[in-house]
Amino acid sequence: MSKRVVAGLLGVVLCLVASGAASGVAAAAPADEDGPKYVALGDSRAAGPFIDTASHKDFCMRSDQNYASKLARQIGASRFEDASCIAAKVENVIDTPQRIGTTTAAPQLDSLDPDTDLVTISIGGVGSNHVVITRESCATPLPNLDRECRNNPEVEQKAVDGIAKVAPEIDRVIGAIAAKAPDAEIVIVGHGGAVGNRGCWPSLPYSDEDAKWLVSYFDRFNQVYVDAAAKYGAHYIDIGRATVEGGHDPCAAPEDKWFEGLVPTDSAQPGHFNERGMQAVADMIEGELGF
């Protein structure tokens, strides 16, 4: 972990401990009486930890510069609640309170009601095999090494098993959202983008060929979201493919990247969106919905 991230984490922890880190969702004042009623759900990809740390009100580490906050401002939401929280799992969205630090977050679906017009969600990474595959199986300890995880049948089985595990969970959470907010537009933000078709040790410690395989792995993983979107009439945002094809992966120049690598050049959690990436997601959602 870089000195930038460690310093940011210490600052956030001290601030939250001093404030008591009260639980609750982030809410914004209505911007437009005729705008949509919008609720954001999800894990760290939605929350935006370390982006504008001064806006983190509790250990859920929601940023006021995450894609949901940006989108709410862009579309003039009449009501906006951000219930996202780092490390959230599907059960924390549906019906299980999440305890993190001194924060106890209510089930995120508690923020929905039949009048909700728009719901966005990014979820599923915590319950997957992402970490086992990307860090333990494919990452190299030294530059110019090739782990050849792409050719390892055990790694491939981990990928298959992880996708199979997550698929019913994603179906369950999208179905629960549709039941709780039957008239809402539901937008699912996919995974991928944290790895492009190249490595750049130490920030992205993969051989180029393994990096390409990881891109294909995330494409396969994202089919879970595509299927859920088709089943429940939701929208799917393929930020992973947009990142890779646009050259915005962590190996890009600092001014071009949408994701930070293990050695961040901007304020963001390693392996996650930076503020430019959050803006890209907000713009893609706005374009998809036609607001």
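Any idea which residue in the stretch 266-275 is nearest to the chain's Cα centre (by Cα), counting only those that are farther than 18 Å from TYR236 by Cβ and in contact (Cβ under 8 Å) with a residue 24 or more places away in the chain? Ranking the candidates gives HIS272 first. Taking the stretch 257-276 as the range and being touching a Lys or Arg at 6+ places or on another chain (Cβ under 8 Å) and surrounded by 22 or more Cβ atoms within 10 Å (Cβ to Cβ) as the test, the residues that pass are LYS257, TRP258, PRO264, HIS272, PHE273, ASN274.
Residue by residue through the stretch 27-52, note down the ones that are under 13 Å from ALA268 (Cα atoms) and either in contact with a Ser or Thr (Cβ under 6 Å, 6 or more places away or on another chain) or modelled with pLDDT under 95 (or both). Across the stretch 27-52, the qualifying residues are ARG45, ALA46, ALA47, GLY48, PHE50, ILE51, ASP52. The set of residues in the stretch 203-247 that are within 14 Å of GLY124 (Cβ to Cβ), open to solvent by 30 Å² or more (accessible area, probe 1.4 Å) and within 15 Å of the chain's Cα centre (by Cα) contains only TYR236. Of all the residues in the stretch 182-202, those that are buried (at least 22 other Cβ atoms within 10 Å of the Cβ) and over 23 Å from VAL244 (Cβ atoms) number 1. Each residue in the stretch 77-91 was checked for being open to solvent by less than 20 Å² (accessible area, probe 1.4 Å) and of a type outside the set (Gly, Ala, Ser), and 4 pass.
For PRO254, the criteria (1) open to solvent by 20 Å² or more (accessible area, probe 1.4 Å); (2) assigned to a loop (DSSP other than H, G, I, E, B); (3) in contact (Cβ under 8 Å) with a residue 60 or more places away in the chain hold in every case but one, which is (3). From the list GLN98, GLN74, the one residue that fits, being surrounded by 19 or more Cβ atoms within 10 Å (Cβ to Cβ) and of a type outside the set (A, V, I, L, M, F, W, C), is GLN98. Summed over the stretch 111-137, residues that are closer than 18 Å to ARG147 by Cα, open to solvent by 10 Å² or more (accessible area, probe 1.4 Å) and touching a residue at least 40 places away in the same chain (Cβ under 8 Å) total 2. Taken over the stretch 157-181, the criterion of being free of Cβ contacts under 8 Å to residues at least 60 places away in the same chain and open to solvent by 60 Å² or more (accessible area, probe 1.4 Å) is satisfied by GLN157, LYS158, VAL160, ASP161, ALA164, LYS165, PRO168, ALA179.
The values are calculated or read from the model by the stated rules, or taken from the named source; none is laboratory data. All figures in this text were calculated on a predicted structure; none of them were measured in a lab. Note that we place each Cβ from the backbone using ideal geometry, even for glycine, and neighbour counts take in every protein chain shown. Side chains are part of the model used for accessible areas, which takes the heavy atoms of the whole protein and leaves out ligands, DNA and RNA. Shrake-Rupley method; radii C 1.70, N 1.55, O 1.52, S 1.80 Å.
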